[in-house]
1. Would you confirm whether any residue within segment 120-136 is closer than 22 Å to R41 by Cα, hydrophobic (A, V, I, L, M, F, W, C) and in a loop (DSSP other than H, G, I, E, B)?
2. Look through P66, P109 and report the one residue that is in a loop (DSSP other than H, G, I, E, B), over 10 Å from the mean Cα position of the chain (by Cα) and modelled with pLDDT of 95 or more.
3. Can you tell me how many residues within segment 85-106 are part of a loop (DSSP other than H, G, I, E, B) and under 10 Å from F137 (Cβ atoms)?
4. Taking the residues in segment 56-75 that are buried (at least 18 other Cβ atoms within 10 Å of the Cβ) and of a type in the set (A, V, I, L, M) as candidates, determine which candidate is nearest to G20 (Cα to Cα).
5. Mind checking which residues of segment 76-99 are buried (at least 21 other Cβ atoms within 10 Å of the Cβ) and of a type in the set (A, V, I, L, M, F, W, C)?
6. Only one of (1) in a strand (DSSP E or B); (2) free of Cβ contacts under 8 Å to residues at least 12 places away in the same chain is not met by N54, so which one is it?
7. Inside segment 1-30, can you point out the residues that are modelled with pLDDT of 50 or more and farther than 22 Å from D89 by Cα?
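The values are calculated or read from the model by the stated rules, or taken from the named source; none is laboratory data. Because the structure is predicted, anything quoted here is derived from the model rather than measured. When we count neighbours, we look across all protein chains shown, and the Cβ atoms used for this are built from the backbone with ideal geometry, even at glycine.
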Amino acid sequence: MKRFVLSTLMLLVSGLAAAGTLEVYKSPYCGCCEKWVAHMREHGFDVNVHDTENLQAIKVRAGLQPGQGSCHTAFIDGYAIEGHVPASDVKRLLKEKPDARGLTVPGMPAGSPGMEMGERRDAYQVLLFGDQGSRVFARYP
């Protein structure tokens, strides 16, 4: 039964994401996820939010490897977006359409969208990931 529900959910996600809407899966208790959603909306994305207690199944479906995860997972136009990826990088991904599963910002670096902490800015990378591994897509000092 769980497999059927998960399969049905993923078909729904794929269909909605293909329509150009960012489908975000997050914990109902995570404030930084809400801030990231606001960042994406401010940059022109249509966003549907799905609060869930079981994010692991979503992360598996996204094809994330150990160490690539963060606090929320989104899907748009066939791509997975994991964590606090800046809107400009998602726009670039959708424009360039590389052969990949998506983008990830592993962890929760301070200063990334949704993780603003005053003047603190951790250096971080946005990674493009897929079946052939991952590579740096963007760097932020």
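1. Looking through segment 120-136, none of the residues is closer than 22 Å to R41 by Cα, hydrophobic (A, V, I, L, M, F, W, C) and in a loop (DSSP other than H, G, I, E, B).
2. On the way: P66 fails: modelled with pLDDT of 95 or more.
Only one candidate passes the filter, namely P109.
3. Step one: of segment 85-106, the residues part of a loop (DSSP other than H, G, I, E, B) are 85-86, 97-101, 106.
Restricting the remaining residues to those that are under 10 Å from F137 (Cβ atoms) gives 85, 98, 100.
Qualifying residue count, segment 85-106: 3.
4. That would be A74.
5. Residues satisfying the conditions are I76, A80, I81, V85, V90, L93.
6. (1)
7. Here is the first cut: in segment 1-30, the ones modelled with pLDDT of 50 or more are 19-30.
The answer is S27, P28, Y29, C30.
Yes or no, residue by residue, for (1) in contact with a helix residue (DSSP H, G or I) (Cβ under 7 Å, 6 or more places away or on another chain); (2) of a type in the set (A, V, I, L, M, F, W, C); (3) farther than 15 Å from K35 by Cβ:
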site	(1), (2), (3)
L55	no, yes, yes
T73	yes, no, yes
T104	no, no, yes
A110	no, yes, no
